[in-house]
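Data block below; observations after.
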Amino acid sequence: MALETAYIQEKLSQKFGNNVLNFEMKRDIFTLEATPNAIHDVIRFLKEEEDLNFHFLTDLTGIHFPDNDETHQFAVVYQMHNWVENVRLRVKTFLPENPETVTITDLFLCANWMEREAWDFFGINFIGHPQLKRILNMDEMVSHPMRKEFPMEDSGRTDKDDRFFGRTPVNN
Amino acid sequence: MSDSKINMVAPPEGVTGEGFFATKLNDVVGMARANSLWPLPFATSCCGIEFMATMASHYDLARFGSERVSFSPRPADMLMVMGTISKKMAPILRQVYEQMSEPRWVIAVGACASSGGVFDTYSVLQGIDKVIPVDVYVPGCPPRPEQIVDGVMQLQELVRNESVRRRNSPEYKELLASYNL
């Protein structure tokens, strides 16, 4: 019997009540939101509960929503995969300005580098991470470049024409 | 020698007499340097593939005295930077340049090494001349092997006419100082 989304929703709601919300089928992947306080337990439950068995963390990344309200400025997105049933799941948690959340490196070792990447690009602080430092950008960088307030282009550019980089409204 | 196809480099201007040939030391040193440039490839992306073609038999950079590709910076003369240099890579490129012994020359091959190219972004160095001095820029994305060969020939021209005292001149020291080298 395949793992039904309704069953996943029921199991999670039973266990976590109001800490899991906004269940929906979005772009072919069942998506839910968890509160920052519950996220670690939700991930652990999804991984360790026998009949859910989301034992594989496909991806972990951040998103910046500068236009959202204060408590929803950042999102951390966890993509999980049950290989046995071939069911995927997307878990989101929303964070305020100066985002902080609990690391899941104790559950998934692969989260180590993914969380470092999220720190590098979004400045999301994963509490309890064994070595939270930049992974792709140079160590001297002060900004978190994927946040919307930082410009994409390099400040030292000298001979670049904005028209050729799609940075003007009309390219002519 | 009669049926050989070997091209000899023409001797520099000078005075020939019976059993002697007089010329300027500058010209002899320049000629020797220009025809034995050891390249040090610093290839990070597609321009590096073009360089491989340049070194291979069809284009054969060895014809210009660059047979010996040096993978150690110390004996190399000509640093060829081919490809996108990210800001994280910049200190390494600098270190390689610092490890080369004088006299040393730099060719920036391709749009990325010359100016950052299409990568108008925070993570990419906007031209290697932000961190090290460059002698010859080869345009193209990527340049054809002919263009790379042309770049090397342009550099040979620079090398041939360079004064042996240039590396001790205050202007040169000032240039290095402007890059904090």
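On the beta carbon distance between B:LYS5 and B:VAL164, with R0 = 45 Å, the FRET formula returns roughly 0.90.
So, counting K/R as plus one and D/E as minus one, what does the shell of residues with Cβ under 12 Å around A:LEU107 add up to? That works out to -2. B:GLU171 versus A:GLN14, label points 7 Å from Cα toward the beta carbon: distance in nm? Going by the 7 Å Cα→Cβ label model, 8.4 nm.
Nearest-5 percent of antiparallel DSSP beta bridges in the protein assembly as shown? Mind showing how you got there, number by number?
Working: 27 of 47 bridges.
Bridges in the protein assembly as shown are about 55 percent antiparallel.
Taking θ as phi - 60° and the Karplus parameters 6.51, -1.76 and 1.60, the scalar couplings of segment B:95-110 work out to 5, 4, 4, 5, 6, 5, 8, 5, x, 9, 10, 10, 10, 9, 9, x Hz in sequence order, x denoting glycine and proline.
At most 16 other Cβ atoms within 10 Å and a DSSP loop assignment: could you name the chymotrypsin sites (Phe, Trp or Tyr not before Pro) in segment A:46-112 that fit?
Passing both the DSSP loop test and the Cβ count: A:TRP83.
Neighbour counts of C-beta atoms inside 10 Å place A:LYS15, B:LYS5, A:LYS148 in the sequence B:LYS5, A:LYS148, A:LYS15, starting with the fewest.
Other chains near B:115-122: what is the mean number of their Cβ atoms within 10 Å of each residue's Cβ? Intermediate results must be reported in sequence, preceding the final value.
On the way: counts 4, 7, 1, 3, 4, 11, 7, 13.
Shielding by partners across B:115-122 averages 6.
Can you give the net charge of the other residues whose Cβ lies under 9 Å from the Cβ of B:GLY14, counting K and R as +1 and D and E as -1? Local charge sum for B:GLY14: -1. By the count of neighbouring beta-carbon atoms within 10 Å, fewest first, A:THR35, A:THR71, B:THR54, A:THR101 end up ordered A:THR71, A:THR35, A:THR101, B:THR54.
So between A:ASN37 and A:CYS110, what do we pick up on full extension, going 0.36 nm a residue minus the alpha carbon distance?
Values: separation 73, 0.36 × 73 = 26.28 nm, distance 2.17 nm.
Length difference between fully extended and current span is 24.1 nm.
Distance between the pseudo-spin-label points of A:LYS133 and B:ARG74 (7 Å out from Cα toward the beta carbon): 2.9 nm.
Work out the P(r) tail for the protein assembly as shown: percent of alpha carbon pairs separated by more than 28 Å, whole number. Don't jump to the answer; show the numbers that get you there.
On the way: 37474 of 62128 pairs.
When all Cα pairs of the protein assembly as shown are counted, 60 percent exceed 28 Å.
Expressed to the nearest 5 percent, the antiparallel share of DSSP beta bridges inside segment A:19-148 is 75 percent.
Local charge for A:ASN82 was computed over the other residues whose Cβ lies under 14 Å away, with Lys and Arg +1 and Asp and Glu -1, and equals -2.
Can you give the helix-only mean residue ellipticity at 222 nm for the protein assembly as shown, where every DSSP H stretch with n ≥ 4 adds -39500 (n - 2.57) and the sum goes over all residues, rounded to the nearest 500 deg cm²/dmol?
On the way: 9 runs with 95 residues, N = 353.
Value at 222 nm, helices only, nearest 500: -8000 deg cm²/dmol.
Using a 10 Å cut-off around each Cβ, can you sort A:SER13, B:SER57 from fewest to most neighbouring Cβ atoms? Provide the component values of the computation, followed by the final result.
Values: A:SER13 15, B:SER57 7.
Least crowded to most crowded, the residues run B:SER57, A:SER13.
Where a number appears in this text, it was derived from the coordinates with a stated rule and is not lab data. Note that the structure is predicted; figures quoted are calculated from it, not measured. Ideal geometry is used to build each Cβ from the backbone, glycine not excepted, and the neighbour counts take in all protein chains shown.
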